[in-house]
Amino acid sequence: MDNKATVKIRIRDLKLWYGESEALHGITLDISANSVTAFIGPSGCGKSTLLRCLNRMNDRIASCRVQGDVLINDQDIYAADVDVVQLRTHVGMVFQKPNPFPKSIYENIAYAPRIHGLASNADEMDVLVEESLKKASLWDEVKDKLDQPGTALSGGQQQRLCIARTIAVRPDIILMDEPCSALDPIATAKIEALIEELKQEYTIVIVTHSMQQAARVSQQTAFFYLGDLIEYGETGQIFTMPKEQRTDDYITGRFG
Amino acid sequence: MQHTLRSFDIALDELNDRIGMMFKLVRKNVRQCQKAFENRDSALAKTIIDRDAVLNDLEVGVDEAARQLIVHHQPAASDLRFVFAATKIVTDLERMGDLTRNIAGLIQQQNNIEQLAPDVLKSMTELVVEQLKMARRAFMRRDTQLARQVIELDNSIDNLFINDQRALLTHMAESPELISTCMRLSNILKQLERIADHAVNTAEMVIYMVMGREVRHISRQELMELLGEDDDED
């Protein structure tokens, strides 16, 4: 890891249980600001579980118990006084399947800012919607049909709409859980190009099953296996000269 | 451990075997050059020259196999280093093939050079053959210590080359009528010395392939430190 990079997220000895079953065995990891960090590993390795710890999405699972620290901007996000709704505006999330609200394109973006009072009048909201759509590289494609339903867009456009929706509440971290797995290669390329741009402004953590995607979009890669962090390092190094044999086995397709 | 996808292993093995075959053919060429020289065997020299086409085909085949491997399997980590090293090594092997072809050509023109210094070529050939044997083994076994020996042996070859050149110069000074003959012999030795340099390149790529460390332009001392051995020469 580059010591000069600002650490945005500090994860310390993080353990997580689903009921009796321990899914994360004490993960310690620093995530740099304004960079893309990829979590890779086979199904069940804990990568999505860890991602969900970063905005406390696991709170929604009754049997889930977490121990250890997650510090974002040096603030413990599991502290008793943390407002989880506020946390999730700072730490946005984009899911595997695009999930626009059954509302107009405009309303998809405006909905959360309105709740959070981020725009004081209609003009300000218009600006916020336009900015968010521009940042998500969707503006040019939808500017003339903002009143049409978000669900009428193509899959790739819907995913960018979801990214715009996330951006609209001014997060500084964006979590992406396999954001391209339901998309065709062209839509995927557009999302990847967008990730490249977004990292100037946001800290991005992406879970992906595509190792080529991890290699293309990320600066750091973490490889997980059976709830353990096996190796974490600069992406170029992980994909050319991993230090751990298990990482090499996984990356080269020699697993299982 | 094998790949989950069997065809990936087959493709890697194929690349590996072709390189191994090229090492063998180059070594055979070097050995036969010596024989052709000793026996003034023009037919054997021609066989060596003709074999260049086989090496050229193998080179093109390795490149194509590497391209297909990249397209089909997107190799990463140790596989990526292997494919990358293979495409570098194959270029050196093809060049070595060209150099043996040059030697065979010079042998075809020989008049009385074998009477001049029959042992000169023999000692040099033996060292280069030994070096090529080690280089092939280093590649096939992914053995960095053997690769180190290939690099070390190059020193002995260089020293022998310098001594031989000196001896030839003396011959030329003493017997001006032997100048063109000596020049030709000197040229043959030069080709062998260059083959040894290419063998060193392949050994350096083996080290890269195994350790992920680029050693092409580092000092001998750094190399020996990297490989965990003290440099006891120089």
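The values are calculated or read from the model by the stated rules, or taken from the named source; none is laboratory data. As the structure is a prediction and not an experimental result, all values here were calculated from the model. Methodologically, a virtual Cβ is constructed for each residue, glycine included, from the backbone with ideal geometry; neighbour enumeration extends over all protein chains shown. Side chains are part of the model used for accessible areas, which takes the heavy atoms of the whole protein and leaves out ligands, DNA and RNA. Shrake-Rupley method; radii C 1.70, N 1.55, O 1.52, S 1.80 Å.
Under a Cβ-only charge scheme (Lys and Arg +1, Asp and Glu -1), can you give me the dipole magnitude of region B:7-50 about the Cα centre, in debye to the nearest 20?
On the way: 8 positive and 7 negative charges, 79 e Å.
Around 380 debye, computed over region B:7-50.
I want to verify the translational diffusion coefficient of the protein assembly as shown in µm²/s; compute it with Stokes-Einstein, Rh as the Kirkwood radius over Cα pairs, at 10 °C and 1.306 mPa s. Don't skip to the end; give the middle numbers.
On the way: Rh = 26.9 Å.
D = 59 µm²/s.
Over the Cα atoms of region A:215-256, Rg to Rh with Kirkwood Rh, two decimal places? Write down the numbers at each step before the final one.
Details: Rg = 9.7 Å, Rh = 10.3 Å.
Rounded to two decimals, Rg/Rh equals 0.94.
Count the DSSP beta bridges whose two residues both fall in the protein assembly as shown, then state the antiparallel fraction as a percent rounded to the nearest 5. Could you put the intermediate results ahead of the total?
Working: 26 of 43 bridges.
For the protein assembly as shown, the DSSP antiparallel bridge percentage is about 60.
Which of A:LYS134, A:LYS145, A:LYS15 moves most in a GNM of chain A, Cα contacts under 10 Å?
The residue that fluctuates most here is A:LYS145.
Could you work out the helix-only [θ] at 222 nm for chain B, with each DSSP H run of four or more residues adding -39,500 (n - 2.57) and the total divided by the number of residues, to the nearest 500 deg cm²/dmol?
Working: 8 runs with 197 residues, N = 234.
Only helices count here, giving -30000 deg cm²/dmol.
Which order do A:ILE230, A:ILE191 take by accessible area at a 1.4 Å probe, largest first? Could you put the intermediate results ahead of the total?
Details: A:ILE230 25, A:ILE191 0 Å².
Descending accessible area places them as A:ILE230, A:ILE191.
Under a 1.4 angstrom probe, counting protein chains only, how are A:HIS116, B:HIS72, B:HIS198 ranked by accessible area, largest first?
Working: A:HIS116 65, B:HIS72 120, B:HIS198 30 Å².
So, going from the largest accessible area down, we get B:HIS72, A:HIS116, B:HIS198.
Taking the C-alpha atoms of region B:118-234, how large are the radius of gyration and the largest Cα-Cα span, Dmax, in Å?
16.5, 53
Can you give the mean number of other chain Cβ atoms that lie within 10 Å of the Cβ atoms in peptide A:245-253?
Values: counts 2, 0, 1, 6, 4, 2, 6, 13, 12.
So the per-residue partner count for this stretch is 5.
What whole-number distance in Å separates the alpha-carbon centres of region A:107-136 and region B:22-64?
74 Å
Can you pull a Stokes-Einstein diffusion coefficient for region B:7-166 at 10 °C (1.306 mPa s), Rh from Kirkwood over Cα pairs, as a whole number of µm²/s? Don't skip to the answer; put the middle values down first.
Details: Rh = 16.9 Å.
Result for D is 94 µm²/s.
If r is the Cβ-Cβ distance from B:GLU214 to A:ASN73 and R0 is 30 Å, what FRET efficiency results, to the nearest 0.05? Numbers along the way, then the final one.
Working: r = 39 Å, r/R0 = 1.29.
Step by step, r from the Cβ atoms, then E = 0.20.
For the ranges A:71-79, B:26-34, A:196-204, what's the packing order if you count other beta-carbon atoms within 10 Å of each residue, average per peptide, and put the highest first?
Working: A:71-79: 14.7, B:26-34: 22.6, A:196-204: 17.8.
In decreasing order of mean packing, A:71-79, B:26-34, A:196-204 become B:26-34, A:196-204, A:71-79.
If we sort A:29-40, A:155-166, A:83-94 on the protection proxy, mean other Cβ atoms within 10 Å, highest first, what's the order? Working shown, then result.
Numbers: A:29-40: 21.9, A:155-166: 24.2, A:83-94: 17.1.
Per-residue Cβ counts within 10 Å, averaged per peptide and sorted highest first, yield A:155-166, A:29-40, A:83-94.
Could you tell me whether region A:158-217 comes out rounded, prolate or oblate from its Cα gyration tensor? Rule is a ≥ b ≥ c as square roots of the eigenvalues, rounded for a/c under 1.5, then prolate if a/b exceeds b/c, otherwise oblate.
On the way: a/c = 1.79, a/b = 1.39, b/c = 1.29.
Judged from the Cα gyration tensor, region A:158-217 comes out prolate (a/c at least 1.5, a/b above b/c).
Based on the Cβ-Cβ distance from A:ASP140 to A:HIS90, what FRET efficiency comes out when R0 is 30 Å, to the nearest 0.05? Provide the component values of the computation, followed by the final result.
Details: r = 28 Å, r/R0 = 0.94.
Plugging the Cβ-Cβ distance into 1/(1 + (r/R0)^6) gives 0.60.
For chain B, the longest stretch holding no GluC sites (Glu not before Pro) located in a DSSP loop with at most 15 other Cβ atoms within 10 Å is which?
Numbers: sites that count: B:GLU214, B:GLU229, B:GLU233.
Longest site-free region, per DSSP loop and neighbour criteria: B:1-213.
Given a cut-off of 22 Å, what percent of all Cα-Cα pairs of region A:15-126 lie beyond it?
Details: 2845 of 6216 pairs.
Cα-Cα pairs of region A:15-126 separated by over 22 Å account for 46 percent.
Tell me, what is the percent relative contact order of chain B, built from C-alpha pairs under 8 Å that lie six or more residues apart?
Working: 268 pairs, mean separation 57.4, N = 234.
Reported as a whole number, the value is 25 percent.
Can you work out the FRET efficiency for the pair A:SER181 and B:ASP158, with r the C-beta to C-beta distance and R0 = 56 Å, to the nearest 0.05? Before the final figure, lay out each step's value.
Details: r = 57 Å, r/R0 = 1.01.
The pair A:SER181/B:ASP158 has a calculated efficiency of 0.50.
Can you give me the relative contact order of chain A as a percent, contacts being Cα pairs under 8 Å and 6 or more apart? Could you put the intermediate results ahead of the total?
Numbers: 474 pairs, mean separation 70.0, N = 256.
Here the relative contact order equals 27 percent.
For region A:6-65, calculate the relative contact order in percent as a whole number, restricting contacts to Cα pairs under 8 Å that are 6 or more residues apart.
34 percent
Please give the direction-averaged projected area of the C-alpha convex hull for chain A, in square nanometres with one decimal. The partial results should precede the final answer.
Working: hull surface 56.9 nm².
So the mean shadow area of the Cα hull is 14.2 nm².
Ignoring ligands, DNA and RNA, how do B:VAL60, A:VAL66 rank by accessible area with a 1.4 Å probe, largest first?
Numbers: B:VAL60 90, A:VAL66 45 Å².
Putting B:VAL60, A:VAL66 in descending order of accessible area: B:VAL60, A:VAL66.
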